[in-house]
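The values are calculated or read from the model by the stated rules, or taken from the named source; none is laboratory data. All values derive from a computational prediction rather than experimental measurement. FYI the Cβ positions are ideal-geometry reconstructions off the backbone, even for glycines, and counts take in every protein chain you see.
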Amino acid sequence: MIKMLAPFLLIAAVLPALLSELFQRILIPRLISKGLLSKDVHKIGKPSIPEPVGPAVSFAFVTTLMSLLPLIDNWILLAGIAAASGLASLIGLLDDIAPLGAKTKPILLILPAIPLIATGAIIPRPYLPLLGRARLYYVYWFILLAMFTVFSNAVNMMDALNGMLPSSVYTATIPLLPILLALNSIDSILALIALLSSMFPYYLRNRYPAKVFGGDSNSLFVGAAIASIAATSNTEAFFGIALLPFMVSGFSVIASVGGLMERHEIERRPVTLEYDKIRANPDPKAPMSLIAILTSDKPKTEPEIVRDTYLISLISGILSCLTFFLLTPR
């Protein structure tokens, strides 16, 4: 199968990175000229960083998938992934321009699932650990709607430090490629490779010290793309296992502040800055986050926290892969 897919894999691996780099080079100067900058609050002096660069990443991904449509037989699923991801990016861009509100945004993030459902090509029979392929013909569609908002918000919550989001997505999802290969899910393989490729130029600019921020137009797009890939390959449970650190991060914040809130609505920050190191806020009323958990014993530098985060994500990704091959009937 790999030999047959080689030309398509090459396109999916190379074209998104080239387009993403091109679009970022076009977009970044315009963001700077228009004063669209955000403060890097985890650095001394809080330097201003261009934001949002997300549209360049999502447009590269969507353009690549659209270019692949005439070349493959099962094009309808790729079209659904492109539509769902693009819609999520637009919702994120709206939030970047004018915040939608902590309660409105999760509801809107259900919408990207609709184009995928509308393709009529989604099979409501996900693989589940220990059980194998389940039959969830009626409840599945509600689960799918919820999955889009959960995955998108979880990825969004992980976008906290320089390079934290892209590096964690890489280490969480690359171990899942053997699962997609085993299931012969060609569309999902191409989409995942295209997603990782489109993120690479962004990662090079977003890693410490960050030169750009993606904004919600990037993080929500990435979350919706992952949800789409999981749905088209019936591997929702395994992508969920791989994204457990993302979900723990989001749930910790939501639980500790008592509900959904935008970052600017939270009075106390989860962490404090001590020279060049970050530590958990000792205030008992401060919200809890994954970063606060990782710095609860001692302060750490930003790269150290990001390293811990992507290592945890790598462990989750590997455990997810092992769960599929060792504990899931097929």
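Does Ile26 qualify as being in contact with a strand residue (DSSP E or B) (Cβ under 6 Å, 6 or more places away or on another chain) and modelled with pLDDT of 95 or more? Working first, answer last.
Details: in contact with a strand residue (DSSP E or B) (Cβ under 6 Å, 6 or more places away or on another chain): no; modelled with pLDDT of 95 or more: yes.
Considered against the rule, which asks whether it is in contact with a strand residue (DSSP E or B) (Cβ under 6 Å, 6 or more places away or on another chain) and modelled with pLDDT of 95 or more, Ile26 comes out as no.
Only one of (1) in contact with a helix residue (DSSP H, G or I) (Cβ under 9 Å, 6 or more places away or on another chain); (2) within 23 Å of Gln24 (Cβ to Cβ); (3) in contact (Cβ under 8 Å) with a residue 60 or more places away in the chain fails for Ala210. Which number is that?
(1)
Regarding segment 209-218, can at least one residue be identified that is under 29 Å from Pro99 (Cα atoms) and surrounded by fewer than 18 Cβ atoms within 10 Å (Cβ to Cβ)?
The first filter runs over segment 209-218 and keeps only residues under 29 Å from Pro99 (Cα atoms), leaving 209-218.
Filter once more, keeping what is surrounded by fewer than 18 Cβ atoms within 10 Å (Cβ to Cβ): 209, 211.
Within segment 209-218, one or more residues are under 29 Å from Pro99 (Cα atoms) and surrounded by fewer than 18 Cβ atoms within 10 Å (Cβ to Cβ).
Name every residue in segment 1-40 that is surrounded by fewer than 17 Cβ atoms within 10 Å (Cβ to Cβ), under 22 Å from Phe213 (Cα atoms), touching a residue at least 12 places away in the same chain (Cβ under 8 Å) and in contact with a Leu (Cβ under 9 Å, 6 or more places away or on another chain), in order of residue number.
Hit for segment 1-40 is Leu37, nothing else.
Filter segment 101-121 for residues that are under 18 Å from the mean Cα position of the chain (by Cα) and at pLDDT 90 or above; which is surrounded by the fewest Cβ atoms within 10 Å (Cβ to Cβ)?
Of everything passing the filter in segment 101-121, Ile107 is surrounded by the fewest Cβ atoms within 10 Å (Cβ to Cβ).
Please specify each residue of segment 272-309 satisfying the condition of being assigned to a loop (DSSP other than H, G, I, E, B) and more than 21 Å from Gly45 (Cα to Cα).
Step one: filter segment 272-309 for residues assigned to a loop (DSSP other than H, G, I, E, B), giving 275-276, 281-289, 295-299.
Selection gives Pro282, Asp283, Pro284, Lys285, Ala286, Pro287, Met288, Ser289, Thr295, Ser296, Asp297, Lys298.
Can you find a residue in segment 296-311 that is within 30 Å of Ile174 (Cα to Cα) and at pLDDT below 90?
yes
Mind listing just one residue for me: the one in segment 41-73 that is in a helix (DSSP H, G or I) and free of Cβ contacts under 8 Å to residues at least 60 places away in the same chain and, of those, farthest from the chain's Cα centre (by Cα)?
Step one: of segment 41-73, the residues in a helix (DSSP H, G or I) are 54-71.
With free of Cβ contacts under 8 Å to residues at least 60 places away in the same chain added as a condition, the list becomes 59, 62-63, 66-67, 69-70.
On the way: Phe59: 15, Val62: 15, Thr63: 18, Met66: 20, Ser67: 22, Leu69: 23, Pro70: 27 Å.
Ranking the candidates gives Pro70 first.
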